[in-house]
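First the structure, in the form of structure tokens, and then the observations on it.
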Amino acid sequence: MPLQLTDEKRDANGAATPTDEGHTSPSTTSLEEQKSTKQPSIWRQAYNIITWTPPRCRWDPQKPPVFSMPLNVLFGFAGGFTVANLYYNHPILNILADEFNVPYEKVSQIPTVMQAGYAVGLLFLCPLGDLLKRRAFVCSLVFFTATMWYARISPIYESDLLMWEPDRIGLCITSSLPVFTAISFITAVTTVTPQLMLPLVGDLAPPHRRAAALSIVVSGLLLGMLIARVLSGTITNYTSWRNIYWFSLGVQYVIFALLWLFMPDYPSTNPGGLNYFKMLWSILVMLTKHPVLVQACIIGFFTASTFTCFWTTLTFLLAGEPYNYSSLVIGLFALIGIASMFLGPVYARVIIDRFVPLFSVILGEGICLIGVVIGTYTGSFTVAGPVIQAFFNDLGLQTSQIANRSAIYAIEPKARNRVNTAFMVATFCGQLVGTAAGNHLYARGGWIASGSYS
């Protein structure tokens, strides 16, 4: 007779006794009730909200998203006012020195710290774009940056011990220079979202429109670099310096809302996963495999160095003889570059998309060289020289950058974020060299010496 297992209970004599179906012990019921009533943490709820995708933005391989002009402009706007975070402090360093009651030398470390944070983000966050879904990644970084902009830590000194109020952290209202500097570094690390959106544009835009689409986003980045200085100097001149950070706080949340509503989802280019450290190492390996990437990095390095050399030493030139311009007038020089940015997308559509990128790279370098020659050897006696150089520098830099990106994004479609990381690290190093060398040469030989170096 086969052994049958039943749910029956038996008494001491072996007789079966009825059981209550569905009856569970009090401890089991309690555990189940706890599981059913347990609410997700606030961090989990925030993550679920940030990563939720509206139906119209969800990825459908049968009907991939169309990269429209409004979406392209949104990416340009988001990139411009995100990268602007790095430059709001440049025209107001003297005001910050007074606010925090410290020497100017201490405040001057803030731009350096932010550039270092941006470099960290470029090197260690941007490659993750080849592994993660970029919509969720970008939205998370923008939301984090905006939130850090507001939270504040105020120092309280008690018995020679430094204590902190954890509910007041951020750049908008902090009263501590070390905290301001530390949070500036953190926000600079997460301000690399434009460098995640550019490779995504390379994925979404059709090949025959790739350069034109990239040019709109690159124009937004350059506009953000320039407009940040103008806005910061103007707002601080008429109101409090803190208002520029409140302005940025609002813009960051607007960018987050717009990207959350309209940024299309796009699958990971490496859904099988990648080892993070091997992924970083592969950036160096790519430099040994693709000569066009090495060429783009070298050109980007030297072009960026001449760009930052000019804008760094221009302040010294215009503040001294024979011009003696105010800081507000010097800041308005940044508006000169806006005209060239409007020409960039048109040029990319007509020229870069139709010819090999190298043609536009050479043309862009030629434009930069003409501007440098005119500005260097006429700038000491007429303001027309720096004006012409500002226009030609911006146009030439934009032209060569767009053409270089168009070329390098075609080499490894599944590694566009790492390709972009290599290019941007080289460009960033060029900016640092141009700033350091330009200041040194200007101190030694003046405007003509620094311009001749360029």
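The values are calculated or read from the model by the stated rules, or taken from the named source; none is laboratory data. This one's a predicted model, so the numbers in the text were calculated from it and none came from an experiment. Quick reminder, even Gly has a Cβ in these numbers, built from the backbone with ideal geometry, and neighbours come from all protein chains shown. In case anyone asks, the SASA skips ligands and DNA or RNA and just uses the protein heavy atoms, side chains included. Shrake-Rupley method; radii C 1.70, N 1.55, O 1.52, S 1.80 Å.
Here are the numbers for this structure:
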{"quantity": "Matching option when the condition is modelled with pLDDT of 80 or more and over 30 Å from Ser68 (Cβ atoms), among Leu332, Leu328, Leu287, Leu261", "calculated": "Leu287"}
{"quantity": "Single match in Val73, Val113 (criterion: out of contact with any His (no Cβ under 6 Å at 6 or more places or on another chain), closer than 30 Å to Pro264 by Cβ, surrounded by fewer than 21 Cβ atoms within 10 Å (Cβ to Cβ) and in contact (Cβ under 8 Å) with a residue 12 or more places away in the chain)", "calculated": "Val73"}
{"quantity": "Index of the failed condition, Met341 passing every other in (1) surrounded by fewer than 14 Cβ atoms within 10 Å (Cβ to Cβ); (2) under 30 Å from Ala415 (Cα atoms)", "calculated": "(1)"}
{"quantity": "Failed condition for Leu332, given (1) without any contact (Cβ under 8 Å) to a residue 60 or more places away in the chain; (2) open to solvent by 60 Å² or more (accessible area, probe 1.4 Å)", "calculated": "(1)"}
{"quantity": "Residue pairs meeting the criteria (Cβ under 6 Å; at least 6 apart or on separate chains; first on the phi > 0 side of the Ramachandran plot and in contact (Cβ under 8 Å) with a residue 24 or more places away in the chain, in segment 424-447; second polar (S, T, N, Q) and crowded, with 20+ Cβ neighbours inside 10 Å)", "calculated": "none"}
{"quantity": "Cβ-Cβ under 7 Å pairs, at least 6 apart or on other chains, segment 122-150 side farther than 14 Å from Gln195 by Cβ, far side of a type in the set (D, E, K, R) and open to solvent by 10 Å² or more (accessible area, probe 1.4 Å)", "calculated": "Lys133/Asp265; Arg135/Asp265"}
{"quantity": "Some residue of segment 76-86 being surrounded by fewer than 22 Cβ atoms within 10 Å (Cβ to Cβ) and on the phi > 0 side of the Ramachandran plot", "calculated": "no"}
{"quantity": "Test: Leu293 is out of contact with any Cys (no Cβ under 7 Å at 6 or more places or on another chain), in a helix (DSSP H, G or I), surrounded by fewer than 16 Cβ atoms within 10 Å (Cβ to Cβ) and touching a residue at least 40 places away in the same chain (Cβ under 8 Å)", "calculated": "no"}
{"quantity": "Residues of segment 362-407 that turn out to be under 23 Å from Val294 (Cα atoms), touching a residue at least 60 places away in the same chain (Cβ under 8 Å), β-branched (Val, Ile, Thr) and surrounded by fewer than 24 Cβ atoms within 10 Å (Cβ to Cβ), as a count", "calculated": "0"}
{"quantity": "Test for Ala212: is it over 26 Å from Thr187 (Cα atoms), surrounded by 20 or more Cβ atoms within 10 Å (Cβ to Cβ) and at pLDDT 90 or above", "calculated": "no"}
{"quantity": "Within segment 346-454, helices (runs of 4 or more DSSP H) holding 2 or more residues that are closer than 22 Å to Phe124 by Cα", "calculated": "384-408, 416-453"}
{"quantity": "Condition check for Ala437: open to solvent by less than 10 Å² (accessible area, probe 1.4 Å) and over 24 Å from Trp281 (Cα atoms)", "calculated": "no"}
{"quantity": "Residue under evaluation Leu261, criteria (1) more than 30 Å from Ile49 (Cα to Cα); (2) open to solvent by 60 Å² or more (accessible area, probe 1.4 Å); (3) assigned to a helix (DSSP H, G or I), criterion not met", "calculated": "(1)"}
{"quantity": "Some residue of segment 243-251 being surrounded by fewer than 19 Cβ atoms within 10 Å (Cβ to Cβ), farther than 27 Å from Ile50 by Cβ, more than 14 Å from the chain's Cα centre (by Cα) and small (Gly, Ala, Ser)", "calculated": "no"}
{"quantity": "Residue check for Pro91: modelled with pLDDT under 85 and either over 16 Å from the mean Cα position of the chain (by Cα) or on the phi < 0 side of the Ramachandran plot (or both)", "calculated": "yes"}
{"quantity": "Which listed residue, of Pro26, Pro18, Pro54, Pro61, is under 27 Å from the mean Cα position of the chain (by Cα) and either modelled with pLDDT of 80 or more or farther than 16 Å from Pro194 by Cβ (or both)", "calculated": "Pro54"}
{"quantity": "Identity of the residue in segment 120-135, in contact with a helix residue (DSSP H, G or I) (Cβ under 6 Å, 6 or more places away or on another chain) and open to solvent by less than 30 Å² (accessible area, probe 1.4 Å), that ends up farthest from Lys414 (Cα to Cα)", "calculated": "Gly121"}
{"quantity": "Failed item, numbered, when Leu261 is tested on (1) in contact with a Ser or Thr (Cβ under 6 Å, 6 or more places away or on another chain); (2) within 20 Å of Leu74 (Cβ to Cβ)", "calculated": "(1)"}
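Yes/no per residue for (1) more than 30 Å from Ala97 (Cβ to Cβ); (2) free of Cβ contacts under 8 Å to residues at least 24 places away in the same chain; (3) aromatic (Phe, Trp, Tyr):
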residue: Trp241; (1), (2), (3): no, no, yes
residue: Val254; (1), (2), (3): yes, yes, no
residue: Ala257; (1), (2), (3): yes, yes, no
residue: Leu261; (1), (2), (3): yes, no, no
residue: Pro267; (1), (2), (3): yes, no, no
residue: Leu274; (1), (2), (3): yes, no, no
residue: Ile283; (1), (2), (3): yes, no, no
residue: Met286; (1), (2), (3): yes, no, no
